[in-house]
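Below: one structure, written as structure tokens.
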Amino acid sequence: MVRGPYAKRESADQQLKELKSSKTYRAAYVKDAGALHVAAGLARSVPPKVLTALLGELSVDVTDRAGGTDPCEPPEPYQAVSVSVVTLDRTYDKAKDTEGFKPRRVDLDIGGFWIIKRTGEIERMRVCAE
């Protein structure tokens, strides 16, 4: 479950305190999801709370790479981009005869792409088999 965003950390901490007082949400925690980066048109047409609920567990990782002589990567500095989401796996404890859920991060195979630092150009990841 996602709640927020909150304007101040104190507001999130207060909500967390209230949630943890209930048996249902004792494992609740505060997470700073960072800055929201979406296309300007989308951000104007969809309320921030809706975007938070939809994208709360979506993670886009950008890794700086130097480039190199390997023909399977750009020869100049670039950023490698990967995307992952959190999904829930059902669990079952036979001893307690209880069901539950366990979160699991899953990498999305979107075909991969690189961002060339010098130009900002997006280049599809090459398929290499040597």
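Remarks
- Any pair with Cβ under 8 angstrom, 6 or more apart, that starts in segment 54-67 at a residue that is of a type in the set (Gly, Ala, Ser) and ends at one that is modelled with pLDDT of 85 or more: Ala66/Pro77; Gly67/Pro74; Gly67/Pro75; Gly67/Glu76; Gly67/Pro77; Gly67/Tyr78
- Residue in segment 101-118 that is over 21 Å from the mean Cα position of the chain (by Cα), surrounded by 11 or more Cβ atoms within 10 Å (Cβ to Cβ) and modelled with pLDDT of 80 or more present: yes
- Subset tally (residues that are among the hydrophobic types (A, V, I, L, M, F, W, C) and either out of contact with any Phe, Trp or Tyr (no Cβ under 9 Å at 6 or more places or on another chain) or outside the structural domain of Trp114 (by TED's automatic domain parsing) (or both)) for segment 61-89: 5
- Tally, over segment 82-100, of residues that are exposed (fewer than 11 other Cβ atoms within 10 Å of the Cβ) and of a type outside the set (Val, Ile, Thr): 9
- Top-ranked residue in segment 25-49 [being loosely packed, with under 10 Cβ neighbours inside 10 Å and not in a loop (DSSP other than H, G, I, E, B); ranked as modelled with the lowest pLDDT]: Ala40
- Count of residues meeting criterion [not in a strand (DSSP E or B) and not hydrophobic (A, V, I, L, M, F, W, C)] in segment 86-102: 3
- Of the criteria (1) modelled with pLDDT under 80; (2) surrounded by fewer than 10 Cβ atoms within 10 Å (Cβ to Cβ); (3) on the phi < 0 side of the Ramachandran plot, which one Tyr6 fails: (2)
The values are calculated or read from the model by the stated rules, or taken from the named source; none is laboratory data. None of the values given here were measured: they were computed from a predicted structure. Glycine gets a Cβ as well: all are built from the backbone with ideal geometry, and neighbour counts include every protein chain shown.
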